[in-house]
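Each remark here refers to the structure printed beneath this line.
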Amino acid sequence: MDSETRKKLIDQYKDGYQAVADALAGATDAELDSHPAPGKWSAREIVHHLADSEMTSAIRVRLLLASDRPHITSYDENEFSRRLHYDRPIDASLDAFKAARRTTADILDRATESDWTREGTHTEVGRYTMDTWLEIYAAHAHNHAGQIRRAREAAKRIG
């Protein structure tokens, strides 16, 4: 990946928390708890997923940088949703999401060209590079911000 593309993705990554916060602005409990379709997550569940995913991704990038050819494990996001009480208030999860993003962004800003060549092996996708990680997580929060907006819109149509 060229440095200009990488910088754009890092900027997108840094903006991810704000995209989610904007999508949640003014949300009522009814909007947070409405499922836009059967089997789809509510906005509340998405926030908890983002916190869990962000904390996991923060460890993944640290493993890539600090360990030689680390083994990156997957996790079952649906099991997390079922077992980790995704019906709870969202404030602590938003804080965790924001903090993980901020600390990881600080690391990304300091990453050298050599750091960007590091890689490991992911249990599901195989070869897993720093650039792979960035491509996934730069868009992740933005994608979920869109899902939050759609879930809230669905709640308004129902309500």
#### Entry: Qualifying position, being surrounded by fewer than 17 Cβ atoms within 10 Å (Cβ to Cβ), assigned to a helix (DSSP H, G or I), hydrophobic (A, V, I, L, M, F, W, C) and free of Cβ contacts under 8 Å to residues at least 40 places away in the same chain, among 107, 59
59
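Among the listed residues 81, 114, identify the single one that is without any contact (Cβ under 8 Å) to a residue 60 or more places away in the chain, of a type in the set (S, T, N, Q) and open to solvent by 70 Å² or more (accessible area, probe 1.4 Å). Outline the logic, then answer.
On the way: 81 fails: open to solvent by 70 Å² or more (accessible area, probe 1.4 Å).
It is 114.
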### Any hit, segment 136-156, residues being at pLDDT below 95, open to solvent by less than 40 Å² (accessible area, probe 1.4 Å), charged (D, E, K, R) and within 30 Å of residue 37 (Cβ to Cβ)
yes
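Taking residue 69, is it more than 21 Å from residue 146 (Cβ to Cβ), touching a residue at least 40 places away in the same chain (Cβ under 8 Å), of a type in the set (Lys, Arg) and not in a loop (DSSP other than H, G, I, E, B)? Break it down into steps so the answer makes sense when it comes.
Values: more than 21 Å from residue 146 (Cβ to Cβ): yes; touching a residue at least 40 places away in the same chain (Cβ under 8 Å): yes; of a type in the set (Lys, Arg): yes; not in a loop (DSSP other than H, G, I, E, B): no.
It is false that residue 69 is more than 21 Å from residue 146 (Cβ to Cβ), touching a residue at least 40 places away in the same chain (Cβ under 8 Å), of a type in the set (Lys, Arg) and not in a loop (DSSP other than H, G, I, E, B).
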### Query
Among the residues of segment 36-55, is there at least one that is closer than 17 Å to residue 99 by Cα and either touching a Lys or Arg at 6+ places or on another chain (Cβ under 8 Å) or assigned to a loop (DSSP other than H, G, I, E, B) (or both)?
yes
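The values are calculated or read from the model by the stated rules, or taken from the named source; none is laboratory data. Here the structure is a predicted model, which is why all the values come from computation and not from measurement. Note that we place each Cβ from the backbone using ideal geometry, even for glycine, and neighbour counts take in every protein chain shown. Please note that ligands, DNA and RNA were not included when accessible areas were found on the heavy atoms of the full protein model with its side chains. Shrake-Rupley method; radii C 1.70, N 1.55, O 1.52, S 1.80 Å.
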